[in-house]
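Undergrad: This is the structure, below, for whatever I ask next.
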Amino acid sequence: MFDRVSRWRIVGSVALALVAIGLWQTEPVFIVGAVIPVGFLVYDALSSAVPLEERLTIERTIRPKETYPGAVVHVELTITNHGASTLPDVRIVDGVPEQIAVVDGSPRAGVGLGVGDMETVSYSVRARYGDFEFESPRVRSTSLSAGSIYTTSLEAEGDAKFSANLEIDEYPLAQQTTGSFGNVSADRGGEGVEFYATRDYQYGDPANRIDWRHFAKRRKLTTVDYRQEEAAEVVVIVDARPTAAVAAAETAPTGVELSVYGAAEAIDGLLGARNRVGLIILGMADSRTDMDFQWIPPGNGPELRSNMRESLDRAVATASAGDSATTLPKTNGGSEGAQETHSTDDDGLEDAHIDRSQPLQPAAVVERISPQTQIVMFTPAIDDEPTDLVEKLGRAGHAISVCSPDVTQGEGIGNSWNRIERGLRFARLQSMGVTVIDWGPDDSLPQVLEQAIPIQQPVRES
Amino acid sequence: MSGRPIDTEGSSAIAKWLGTRGPSIFANSVPGRNAVLANLVGISTFTALGMSLGVVNYSILGLAIGVGLAIAIAVISLTHLIRALVGGLLLLVALGAAFGAPLLMQVTAGGYAAGVIGLGVLVGFGLAQFHLAAYGDGAIAEAMAWVARVAIVIGATMLVFLPVTAEMPKLISMTGAVLPLELLVTPPSMSAAVGGFIAICWLAFAGIWIASTAIPLSSMFADERRQRFDSFRSRVLTGAGILLGGGSVVVGLVYGVSAEANTIAGIAVVVTGLVESSALRIGLLRVFVGGIGIAIGVSAIRRVSAIAVGTRPAWLPSALVVTAAVFGAGIFVGEPFIRTVEAFTGGVIPLTTVASVFHPTVPVLGLAFIGFLGVMGLLAIFPIFTALGILPARTAGPRLALVGTIGAAVLVAHASGPPVVVFAGILGGIITWDIGDYGAGLKADIREDSHRHRGAIVHAASSFLVGVGALVGALAINWLLAGAANSLSGSLLSAIVSIVALGILVMLLR
């Protein structure tokens, strides 16, 4: 679209003023001086911007196109002048999805292109959970006098989308738990391979487990117990409270998004290894059970996997709706300040709503989880409530790993203070024997999960 | 989902107390390369014009004052204790110089010096605005707010100082027609003496009570000490009430009884001394008026900012320093200053009379208050121009530079300077504006100034070529006209000029 800007009007005013002064003072030099601004007005009138559709091609490259939330995605725009004339001033703005933050470089550029010239504009964005599509770049050419502009959107060739939903190929638990008798070793005697203990023979014990050497020496029947290998029972806890829906910047992934993403991958891996997996989503009240968290009891199977995926999706969607629809508390303490309950019925999320008024009830969570169950918690650890919950679960004898996406990496004193507080929470958890993994924005999720999930079985005598 | 920045979620009071890093004074509204180029052209053109007028020093002075003014406004907008002080003082100096120097030059040097300084201020301010956050984004409003706050602190100080230094007998006699205070100070009869003494004691107590209520002293203490302070203040007020309220009645009664009985002895001597003491009555009256003054002053300061009293807003130390400086000036050079001002204004403002009733510091503070309001009014011109579209925030710098340079070229022409200098001045002004305005548009479009942009150089070069062509054309026309003036009649010349003007109008209105 052609447009003419009125920037030279002030020079016209200068010309008029000079002529007026010249007439007033009867001094020809002023009037003659007006020739100079008039010359510029003529120059502006004669120069015009050129249309760009037939002259420019733009190619976009996105690397990688599939990644995980929080990862850096590199974008390159290559602009080529295929026209027969030089384009001295081309301004371009790439159509970055508005939810995505540019972390390096700029999607805006001004370039001058000779015939056949090519310019490359590079920048990087920080991925968030979901699929994102770029809009067409906006391009503008200006005339030499900059009084005439031509603005249009040009379709970019090449890549237009990237996705931050990557399935992890090599999941650490795949090597740790297999079969209905998984290879996560239980500290419990029974059938298996590894020696665990001997005990007095009991009627009905299999003959192949009788310690015949012991019988030859002592003339007493004893039975060998092997360390049982069994499927692990793991409960994944996701911190999706409004308090956790904070980010390092407006367009950075929130703690809830990252926690949900990490939990989804962990659940897939655990279920794939045929472990029994349960799910607790904090901050998402369940109207069916009247609890202030979503609870899916441990189990296995495709239906369970589907249920869990749906619940996690709802957690992100609900936190997203709450984020935009309500004013969230000014403090990090989720229990401070009255907050509204946000119904999500309109979104078809009839069973869930963000419970913004209730503080976390650790006792109710602890009650639901059977004692031998291992816990993997995903939380940004931005307040004390998850730490308190972990402490109570630890007292109940659970082996616990905490995987914490870091949403405090921004600048400013507030972030620095939050980082310090988060570090103190980690120290507290580690002093309780909890495995804590700090998931930084540049750490890959597979590595993080590898550290987080070599789960220790709770000690239990057979 | 749009994530909330965690920085704003800081739960910690310490984090909030520490605050965040301050902004920079640099806005770079024109990208670096364009700004440097425009600055070079602008400064060299204006200096050359000054040189042609023989006032090159004043042109440099004007540019420097303009740059100083821009720095002052940019610095003052930073919310910081020291920066507000530095920026505020610099603003006063720069504004004083911007208006004072041309006036002074007009009186002393004459010629074109005053005009060149004034135009230099415009050019310097405009060119500096390419880099500094001196215009737009509330920069001028911040400067105006600082000036207004300082003015209110000065005004409040004057109100407090006014009753303390007042020559009460003079004041009472001057205001006798309006306020019958003379009855209170010099009573005509015994009963009037008793009644006046009691009334003046009660007024003094009222002054103390009003002042103690107005000043939020307790907010300066921590919670645990506040209660103790409040109880202490309550005891002091009760004591003052008993002393001034109850005591005055008792003293009045004793005085009346002893006067009736005509027995002046012992304690009655002391009581008579108290009741009939004109100095004591004036002192008590001062306490009353002082209390009222303090209450009005504190209320005025609190109007400026709810947290101004009892806490330390960023501007308060700078306001106190400026007020202290004005106060000090009033004490040490108040009298000669008042005489000078009165002589300058031809006695329109009766400052000497005011100074005779109050201390000379009072009229000095009053003049400073009025001066600050004037400064605020001057700064208010900028937002008005912006609202009218004369100086849009984005392109105000280039426009000011253009106006200043063209103005200087006009002065050169008026001084019958060489036409080539006049034309070069006009060309320099237009090229400075063009490069700056183009850069501002570029910045608005692509925001980054670091990205390579050959377009800026191409644009500047083409403008320069066009300008040189126009300059050559103007010189040629000037030469032709100089020759034609001898042969052409005045009416034909007027017709040619009218056609040129019409051509310009057509171009503008097309």
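The values are calculated or read from the model by the stated rules, or taken from the named source; none is laboratory data. Please read all numbers here as calculations on a predicted model, not as lab measurements. Cβ atoms come from the backbone with ideal geometry, glycine included; neighbour counts cover every protein chain shown.
Undergrad: When you go through B:F332, B:F385, B:F337 one by one, which is the residue that is closer than 25 Å to B:F161 by Cβ and either out of contact with any helix residue (DSSP H, G or I) (no Cβ under 7 Å at 6 or more places or on another chain) or surrounded by 21 or more Cβ atoms within 10 Å (Cβ to Cβ) (or both)?
TA: None of the other options fit; the residue is B:F332.
Undergrad: What number of residues within segment A:270-300 are in a loop (DSSP other than H, G, I, E, B) and touching a Ser or Thr at 6+ places or on another chain (Cβ under 7 Å)?
TA: Qualifying residue count, segment A:270-300: 3.
Undergrad: Please go through segment B:186-202 and pick out each residue that is surrounded by fewer than 19 Cβ atoms within 10 Å (Cβ to Cβ) and in a helix (DSSP H, G or I).
TA: B:M190, B:S191, B:A192, B:G195, B:A199, B:W202 - these are the residues of segment B:186-202 that are surrounded by fewer than 19 Cβ atoms within 10 Å (Cβ to Cβ) and in a helix (DSSP H, G or I).
Undergrad: Give me the residue from segment A:140-160 that is part of a strand (DSSP E or B) and crowded, with 22+ Cβ neighbours inside 10 Å and, out of that set, farthest from the other protein chains (Cβ to nearest Cβ).
TA: The selected residue is A:S141.
Undergrad: Right, here's the next one. Can you name the condition, by its number, that A:A15 falls short on among (1) facing another protein chain (nearest Cβ under 7 Å); (2) surrounded by fewer than 20 Cβ atoms within 10 Å (Cβ to Cβ)?
TA: (2)
Undergrad: Still on this structure, I have one more. Can you tell me how many residues within segment A:285-299 are modelled with pLDDT under 85 and either within 22 Å of the chain's Cα centre (by Cα) or of a type outside the set (A, V, I, L, M, F, W, C) (or both)?
TA: Qualifying residue count, segment A:285-299: 6.
Undergrad: Filter segment A:207-263 down to the residues that are assigned to a strand (DSSP E or B), among the hydroxyl-bearing types (S, T, Y) and modelled with pLDDT of 80 or more, then identify the one that is nearest to A:D313 (Cα to Cα).
TA: A:T223
Undergrad: Are any residues in segment B:408-425 under 34 Å from the mean Cα position of the chain (by Cα) and at the interface with another protein chain (Cβ under 10 Å from one of its Cβ atoms), and if so, which ones?
TA: Answer for segment B:408-425, where residues must be under 34 Å from the mean Cα position of the chain (by Cα) and at the interface with another protein chain (Cβ under 10 Å from one of its Cβ atoms): B:A409, B:V410, B:V412, B:G425.
Undergrad: May I pose another question? Would you confirm whether or not segment B:431-451 contains a residue that is more than 16 Å from A:D89 (Cβ to Cβ), β-branched (V, I, T) and in contact (Cβ under 8 Å) with a residue 12 or more places away in the chain?
TA: Among the residues of segment B:431-451, at least one is more than 16 Å from A:D89 (Cβ to Cβ), β-branched (V, I, T) and in contact (Cβ under 8 Å) with a residue 12 or more places away in the chain, which makes the answer yes.
Undergrad: Here's another thing I want to ask about it. Looking at B:G429, B:G397, which is the one that is more than 9 Å from chain A (Cβ to nearest Cβ) and of a type outside the set (A, V, I, L, M, F, W, C)?
TA: Of B:G429, B:G397, the one residue that is more than 9 Å from chain A (Cβ to nearest Cβ) and of a type outside the set (A, V, I, L, M, F, W, C) is B:G397.
Each row is one residue, and each column tells you yes or no for (1) more than 8 Å from every other protein chain (Cβ to nearest Cβ); (2) of a type in the set (A, V, I, L, M); (3) crowded, with 21+ Cβ neighbours inside 10 Å; (4) within 30 Å of A:V448 (Cα to Cα).
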| residue | (1), (2), (3), (4) |
| --- | --- |
| A:A49 | yes, yes, yes, no |
| A:T61 | yes, no, no, yes |
| A:Y68 | yes, no, yes, yes |
| A:V75 | yes, yes, yes, yes |
| A:G116 | yes, no, no, no |
| A:Y123 | yes, no, no, yes |
| A:D131 | yes, no, no, yes |
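Undergrad: Given the residues A:S6, A:S85, which is the only one that is of a type in the set (S, T, Y) and either assigned to a strand (DSSP E or B) or under 30 Å from B:A396 (Cα atoms) (or both)?
TA: Within the list A:S6, A:S85, the selection yields A:S6.
Undergrad: Quick check, is A:D438 buried (at least 23 other Cβ atoms within 10 Å of the Cβ) and modelled with pLDDT under 90?
TA: It is false that A:D438 is buried (at least 23 other Cβ atoms within 10 Å of the Cβ) and modelled with pLDDT under 90.
Undergrad: With the checklist (1) in contact with a Pro (Cβ under 9 Å, 6 or more places away or on another chain); (2) facing chain B (nearest Cβ under 8 Å) in hand, flag the one item A:L41 doesn't pass.
TA: (1)
Undergrad: Another question, if that's okay. Can you tell me how many residues within segment B:108-130 are surrounded by fewer than 22 Cβ atoms within 10 Å (Cβ to Cβ) and assigned to a loop (DSSP other than H, G, I, E, B)?
TA: Total meeting the criteria: 3.
Undergrad: With respect to A:S106, determine if the residue is within 10 Å of chain B (Cβ to nearest Cβ) and crowded, with 19+ Cβ neighbours inside 10 Å.
TA: For A:S106, the condition - within 10 Å of chain B (Cβ to nearest Cβ) and crowded, with 19+ Cβ neighbours inside 10 Å - is not met.
Undergrad: Can you work out which of the residues in segment B:240-258 that are under 10 Å from B:F205 (Cβ atoms) and hydrophobic (A, V, I, L, M, F, W, C) is surrounded by the fewest Cβ atoms within 10 Å (Cβ to Cβ)?
TA: The residue in question is B:I242.
Undergrad: Now for a different question. Within segment B:25-59, restricting attention to residues that are more than 14 Å from every other protein chain (Cβ to nearest Cβ) and at pLDDT below 80, which residue is surrounded by the fewest Cβ atoms within 10 Å (Cβ to Cβ)?
TA: If we take residues in segment B:25-59 being more than 14 Å from every other protein chain (Cβ to nearest Cβ) and at pLDDT below 80, then B:F26 is surrounded by the fewest Cβ atoms within 10 Å (Cβ to Cβ).
Undergrad: Only one residue in B:A134, B:A143 is in a loop (DSSP other than H, G, I, E, B) and in contact with a helix residue (DSSP H, G or I) (Cβ under 8 Å, 6 or more places away or on another chain). Which one?
TA: None of the others qualify; the one that does is B:A134.
Here is a yes/no grid of residues against (1) closer than 29 Å to B:G32 by Cα; (2) hydrophobic (A, V, I, L, M, F, W, C); (3) more than 7 Å from chain A (Cβ to nearest Cβ):
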position: B:P392; (1), (2), (3): yes, no, yes
position: B:G436; (1), (2), (3): yes, no, yes
position: B:K443; (1), (2), (3): yes, no, yes
position: B:R454; (1), (2), (3): yes, no, no
position: B:H459; (1), (2), (3): yes, no, no
position: B:V468; (1), (2), (3): yes, yes, yes
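Undergrad: Same structure, new question: B:P383: more than 30 Å from B:A204 (Cα to Cα), touching a residue at least 24 places away in the same chain (Cβ under 8 Å) and within 19 Å of the chain's Cα centre (by Cα), yes or no?
TA: Yes, satisfied.
Undergrad: Here is a further query. Based on this model, can you work out whether A:M308 counts as under 15 Å from A:V238 (Cβ atoms), touching a strand residue (DSSP E or B) at 6+ places or on another chain (Cβ under 9 Å) and modelled with pLDDT of 85 or more?
TA: So A:M308 passes the test.
Undergrad: Could you say which residue among A:S143, A:S106 is of a type in the set (S, T, N, Q), within 25 Å of B:Y438 (Cα to Cα) and free of Cβ contacts under 8 Å to residues at least 24 places away in the same chain?
TA: Result: A:S106 is the single residue among A:S143, A:S106 that is of a type in the set (S, T, N, Q), within 25 Å of B:Y438 (Cα to Cα) and free of Cβ contacts under 8 Å to residues at least 24 places away in the same chain.
Undergrad: Additional query: When you look at B:L391, is it crowded, with 20+ Cβ neighbours inside 10 Å, assigned to a loop (DSSP other than H, G, I, E, B) and not basic (K, R), yes or no?
TA: So B:L391 passes the test.
Undergrad: From the list A:V407, A:V448, exactly one residue is closer than 20 Å to A:P69 by Cα, within 14 Å of chain B (Cβ to nearest Cβ) and under 16 Å from the mean Cα position of the chain (by Cα). Which is it?
TA: Among A:V407, A:V448, only A:V407 is closer than 20 Å to A:P69 by Cα, within 14 Å of chain B (Cβ to nearest Cβ) and under 16 Å from the mean Cα position of the chain (by Cα).
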